[in-house]
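Remarks on the structure that follows.
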Amino acid sequence: MLLSSSFFSSLSRIFLQRSLSLALNLLAPSVLLFSVGWLVYTRFFHPLSRIPGPFWASVSRYWLGYQVFTGKAEFVQRRLHEIYGPLVRIAPDEVSVSDPAAVKIIYGIKSGFTKTDFYPPFASGISPHGDHFAQQDEAKHSARRKLVNNIYSMSSVLESEQYIDTCTEVFLSKMAKFAEKGQVVDLGEWIQWYTFDVVGELFFGQQFGFMRDEHDFGNYILSLDTMMPTTTLLCVLPVFLRYFQVFLGLLFPSIRKAVEGFNEIRRAGKFWVDHRLQQMADRKVNRSDLLDKLFKVRQNKSDFDIPEIQNESVVAIFAGSDTTAIAIRSILYYLMKTPDAYAKLMEEINKADSDGRLSKPHVKYNEAIKLPYLVACCKEGIRMHPSVGLSLPRYVPPGGSQIAGRFFPAGSKVGISAPVLHSNTDIFGADAAVYNPDRWIRDPKAAAEMDRYMLHFGAGSRTCIGKNISLAEIHKMIPQLLRSFKLELVDQQKEWTTHNFWFNKQTGIEVRVTSRRDI
Ligand code: HEM
């Protein structure tokens, strides 16, 4: 008995060894053959093979994945365009474009270019109709966006202007406390708490309590910070990896955490809609906010129901806070770094204030946008550091397209990155790399021309739906804050740190705040 069991175990060991060695003998040459074939195809026969770019990018998407992984992709992308010109192959099937004329070709309203397979990992998956951001079908997108477009118009946003003021009041009272104590403030963090509370006020009828309680309410920020790097990586890596997400999750805790982070944001959106349903049942809704307006759309449209409202809420939490916070941080950071511009802006604000052109206690949006230097400083801050830091990729439509002197066959992926376009010297002048708000003031015609190439909110039919919310927030908050406080970087020489995972977040903006009454 003993003999036969050891005999069978050695037999099975030999069989296993032989099978493995046979598999390896077959696999190794197949992999080698495939790799050589792939290399020859991508380098010499692929329709994009003649577009210049780094060698590894031309043969593998993992090159782009690595750039995204570093969180510094925009620096590399800018440098590559300096080396190779307006077209750079950043993956075997994808090209980064920096030719200004391509903005209209790729993102024009009726261009026919569609969002690529980059976007689906961001889909909320709540509504069968998809969501505005990740929807790849232009016709479906257009039909759904028409239902809610009005809600996001500037006039609709300004109906809630007073609720932005409520948040600013809390923000300023907290800054006053820091000023009094002479305490150093992590301005970047406070700005994000502010923008989150504004989303709470505008959408859900109340601040979340980030500023009041001075903490990351519901871990929303932690959830976003956890989900963004891994999700963005998944967006740029080969699509087949998405099918192994569960398996990869077992191997890499960061993937599991990213999924948890995403689920947390989805739960938050659903929670606030359920909360509103309860308030409605209890007849406790006493003001018109964006959520209320979404419920009104539901009354008239049978295919716009709770999942669609939840969808809008999730996107607001996902897209409404980080983006606006990044913009406000940029505007303030560059002002603090450039004392001349800061002083000039203060002159404008002080003059408008003493002339009674700025309401008290709250600056109105329509007053703020009449201050040309303020508007210039906002644009210039956003130009220097757009909130979305990667290309906005699109498929070339049937029939192909001519871009920057080259023909691209249908299905090729092309995209323009705001950080690259915003540093184009043909558009913004020889000093494009330098912060200079005056470029927006010197010549209105030139300014209008530059405006056409600002890609911070995207462009065409897929332009940011929430841009009016952010514009109102930004233009009201900056003069209000600077009218009350003087801001100084604790270390004037120190640069901020940026983390580009689609949202290009900044950290390390430590500031000393002084009440202007005390100056
Ligand atoms: C400064 C603030 C903001 C910036 C810089 C920004 C940036 C962008 C960009 C670049 C796009 C285009 C993406 C693409 O083409 O791939 C976009 C789309 C979008 N944004 Fe924003 N965003 C901001 C604020 C907001 C807010 C406050 C919301 C929601 C409340 C929002 C919701 C959306 C949605 C839903 C889309 C998809 C639009 C569509 O395809 O129809 N964003 N945003």
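The values are calculated or read from the model by the stated rules, or taken from the named source; none is laboratory data. Since we're looking at a predicted model, the values are computed, not measured. Positions of Cβ are generated from backbone atoms using ideal geometry, with glycine treated the same way; all protein chains shown enter the neighbour counts.
Residues in the stretch 143-158 that are of a type outside the set (A, V, I, L, M, F, W, C) and surrounded by 15 or more Cβ atoms within 10 Å (Cβ to Cβ) were compared, and the one that is nearest to the ligand (Cβ to nearest atom) is ARG145. Just to verify a result, which residue in the stretch 300-333, among those that are polar (S, T, N, Q) and at pLDDT 90 or above, is farthest from the ligand (Cβ to nearest atom)? Looking at residues that are polar (S, T, N, Q) and at pLDDT 90 or above, I get GLN310.
Can you name the residue in the stretch 412-445 that is of a type in the set (Asp, Glu) and in a loop (DSSP other than H, G, I, E, B) and is also nearest to the ligand (Cβ to nearest atom) among such residues? It comes out as ASP431. Evaluated against (1) modelled with pLDDT of 95 or more; (2) assigned to a helix (DSSP H, G or I); (3) more than 16 Å from the ligand (Cβ to nearest atom); (4) surrounded by 13 or more Cβ atoms within 10 Å (Cβ to Cβ), VAL259 falls short on exactly one condition, (1). Do we have GLU214 as touching a residue at least 24 places away in the same chain (Cβ under 8 Å), more than 30 Å from LYS413 (Cβ to Cβ), surrounded by 17 or more Cβ atoms within 10 Å (Cβ to Cβ) and touching a Phe, Trp or Tyr at 6+ places or on another chain (Cβ under 8 Å) here? So GLU214 fails the test.
Cβ separations smaller than 6 Å between residues 6+ apart or across chains give the following pairs from the stretch 502-519 residues that are under 17 Å from THR323 (Cβ atoms) and surrounded by fewer than 17 Cβ atoms within 10 Å (Cβ to Cβ) to residues that are among the β-branched types (Val, Ile, Thr) and modelled with pLDDT of 95 or more: THR507/THR497. Checking each residue in the stretch 39-48 for being surrounded by fewer than 18 Cβ atoms within 10 Å (Cβ to Cβ) and either closer than 17 Å to ILE83 by Cα or touching a residue at least 12 places away in the same chain (Cβ under 8 Å) (or both) picks out LEU39, ARG43, PRO47. With respect to HIS499, determine if the residue is assigned to a loop (DSSP other than H, G, I, E, B), within 16 Å of the ligand (Cβ to nearest atom) and either under 23 Å from the mean Cα position of the chain (by Cα) or closer than 29 Å to THR114 by Cα (or both). No: the conditions fail for HIS499. Within the stretch 75-126, the residues that satisfy the criterion of being charged (D, E, K, R), touching a helix residue (DSSP H, G or I) at 6+ places or on another chain (Cβ under 8 Å) and either assigned to a loop (DSSP other than H, G, I, E, B) or within 13 Å of the ligand (Cβ to nearest atom) (or both) are LYS115, ASP117.
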